[in-house]
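Engineer: Sharing a structure below in structure tokens format, with a few things to ask.
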Amino acid sequence: MVAYTFDQSLIEIQETENENDVTFSIEVKSEDMRNRLKQVRSYFEDNKDYTDAFFYSRQGGSYEVIVRKDAVIPFLVQAFRFRCLESLQWK
């Protein structure tokens, strides 16, 4: 299992596990964080696996990201890499 933290003044993340995937409901609270999340999105759009993560933009600065269960760790690593997350650790 992996645990992560984030700066609640910049981003809110809620996670819902489904049968085959995990849905991340994300609300960005700054333009800088929006740009960071766009970098994460770009990473997944540019890789050769087109079904690992689907990004959906919502009104009001929120996003829904549906991530295949086997791609959750790579998703979190990229979110950490682009500083959407403050910490990432194994539990």
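Engineer: Go through the stretch 1-75 and tell me which strands (runs of 3 or more DSSP E), entirely inside it, have 2 or more residues that are of a type in the set (S, T, N, Q) and either surrounded by 13 or more Cβ atoms within 10 Å (Cβ to Cβ) or in contact (Cβ under 8 Å) with a residue 12 or more places away in the chain (or both). Talk me through it step by step, then tell me what you get.
Structural biologist: Numbers: elements: 2-5, 11-17, 21-28, 53-58, 62-68.
Ranges flagged: 21-28.
Engineer: Hey, can you tell me all the residues within the stretch 36-82 that are of a type outside the set (A, V, I, L, M, F, W, C) and in contact with a Cys (Cβ under 8 Å, 6 or more places away or on another chain)?
Structural biologist: Pass one, the stretch 36-82, residues of a type outside the set (A, V, I, L, M, F, W, C): 36, 38-39, 41-43, 45-52, 56-64, 68-70, 74, 78, 81.
Passing the criteria: only Arg36.
Rule-based calculations on the coordinates, nothing more; no lab input. If you're wondering where the values come from, they're calculated on a predicted model, not measured in any experiment. FYI the Cβ positions are ideal-geometry reconstructions off the backbone, even for glycines, and counts take in every protein chain you see.
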